[in-house]
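Trainee: Next up is a structure, given as structure tokens.
The values are calculated or read from the model by the stated rules, or taken from the named source; none is laboratory data. Please read all numbers here as calculations on a predicted model, not as lab measurements. Neighbour counts are summed over all protein chains in view; Cβ atoms, including those assigned to glycine, are modelled from backbone coordinates with ideal geometry.
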Amino acid sequence: MTDDTRSRRSVLAAGGAVAGVAALSACGAEPAPQQPAPDQPPAPSGRSLTPLAAVPVGGAVPVQAPDGRQAIVARPDDSAVVAFDAACTHKGCPVKPEGAELKCPCHGSVFDALSGSVKKGPADRPLASIPVRVEGDQIVTA
């Protein structure tokens, strides 16, 4: 084998490796997934998540849990509040409130904002619940 043949093979092999890395990088263009919550310890009790007035009755808002995770707080009726880990149960991307639904921007899963149940897949499990309660004018971890 001549030096020219080895040189061409080296260039072709390097070009293939670069193309493979570029293809893998392009696949990572989705929002960064959040780690699913099931193995996380519960948030400390009594920590404020948001004012009660900030959550519309029948709606939901994104918040940051005391442990740093993204969460969703919803208000099914005037006297009830619920919260969920925002990590989609499909691949962990953070869901976003849109009216009475929570939508995953990565793969299109849709959850009910008031119950956390799956309305549309590919997710097949409800969002992880976070215990909360109303304390004064605040929604706090329970």
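Trainee: Any residue at all in segment 76-88 that's polar (S, T, N, Q), part of a loop (DSSP other than H, G, I, E, B) and at pLDDT 95 or above? So that I can check it myself, show each step before the final result.
Mentor: First, pick out the residues of segment 76-88 that are polar (S, T, N, Q): 79.
Right, trim to part of a loop (DSSP other than H, G, I, E, B) and you get 79.
Remaining after also requiring at pLDDT 95 or above: none.
Checked segment 76-88: no residue is polar (S, T, N, Q), part of a loop (DSSP other than H, G, I, E, B) and at pLDDT 95 or above.
Trainee: Would you be able to tell me the number of residues in segment 50-75 that are outside any loop (DSSP other than H, G, I, E, B) and within 28 Å of Gly121 (Cβ to Cβ)? Explain how you work it out, then say what you get.
Mentor: Narrowing segment 50-75 to residues outside any loop (DSSP other than H, G, I, E, B): 50-54, 60-64, 70-75.
Still in the list and also within 28 Å of Gly121 (Cβ to Cβ): 60-64, 70-75.
Result for segment 50-75: 11.
Trainee: Just to verify a result, which residue in segment 78-95, among those that are of a type in the set (Gly, Ala, Ser) and surrounded by fewer than 19 Cβ atoms within 10 Å (Cβ to Cβ), is farthest from the chain's Cα centre (by Cα)?
Mentor: We begin by selecting, within segment 78-95, every residue of a type in the set (Gly, Ala, Ser); these are 79-80, 83, 86-87, 92.
With surrounded by fewer than 19 Cβ atoms within 10 Å (Cβ to Cβ) added as a condition, the list becomes 79-80, 92.
Numbers: Ser79: 27, Ala80: 23, Gly92: 5 Å.
Among those that are of a type in the set (Gly, Ala, Ser) and surrounded by fewer than 19 Cβ atoms within 10 Å (Cβ to Cβ), it is Ser79.
Trainee: Being closer than 28 Å to Asp78 by Cβ and either in contact (Cβ under 8 Å) with a residue 60 or more places away in the chain or not acidic (Asp, Glu) (or both) is the filter here; which residues of segment 104-119 pass it? Please lay out each step first, then the result.
Mentor: Pass one, segment 104-119, residues closer than 28 Å to Asp78 by Cβ: 110-119.
Correct list: Val110, Phe111, Ala113, Leu114, Ser115, Gly116, Ser117, Val118, Lys119.
Trainee: Quick check on this structure: which one of Gly116, Gly99, Gly136 is farther than 20 Å from Gly59 by Cβ and either touching a Leu at 6+ places or on another chain (Cβ under 8 Å) or modelled with pLDDT under 95 (or both)? Full working, then the answer.
Mentor: Numbers: Gly116 fails: farther than 20 Å from Gly59 by Cβ; Gly99 fails: farther than 20 Å from Gly59 by Cβ.
From the options Gly116, Gly99, Gly136, the qualifying one is Gly136.
Trainee: Mind counting the residues in segment 66-77 that are under 12 Å from Pro94 (Cβ atoms) and either buried (at least 23 other Cβ atoms within 10 Å of the Cβ) or not basic (Lys, Arg) (or both)?
Mentor: Applying the first criterion (under 12 Å from Pro94 (Cβ atoms)) to segment 66-77 yields 69-72.
Among the residues that remain, those that are also either buried (at least 23 other Cβ atoms within 10 Å of the Cβ) or not basic (Lys, Arg) (or both) are: 70-72.
Result for segment 66-77: 3.
Trainee: Could you check Leu127 against (1) in a strand (DSSP E or B); (2) crowded, with 21+ Cβ neighbours inside 10 Å; (3) without any contact (Cβ under 8 Å) to a residue 60 or more places away in the chain and say which number it fails?
Mentor: (1)
Trainee: Considering only segment 96-103, I want to know if a residue exists there that is touching a residue at least 60 places away in the same chain (Cβ under 8 Å), under 20 Å from Asp67 (Cα atoms) and either surrounded by fewer than 23 Cβ atoms within 10 Å (Cβ to Cβ) or not aliphatic (A, V, I, L, M) (or both). Let's see the steps before the verdict.
Mentor: Going residue by residue through segment 96-103, those that are touching a residue at least 60 places away in the same chain (Cβ under 8 Å) are none.
Scanning segment 96-103 turns up no residue that is touching a residue at least 60 places away in the same chain (Cβ under 8 Å), under 20 Å from Asp67 (Cα atoms) and either surrounded by fewer than 23 Cβ atoms within 10 Å (Cβ to Cβ) or not aliphatic (A, V, I, L, M) (or both).
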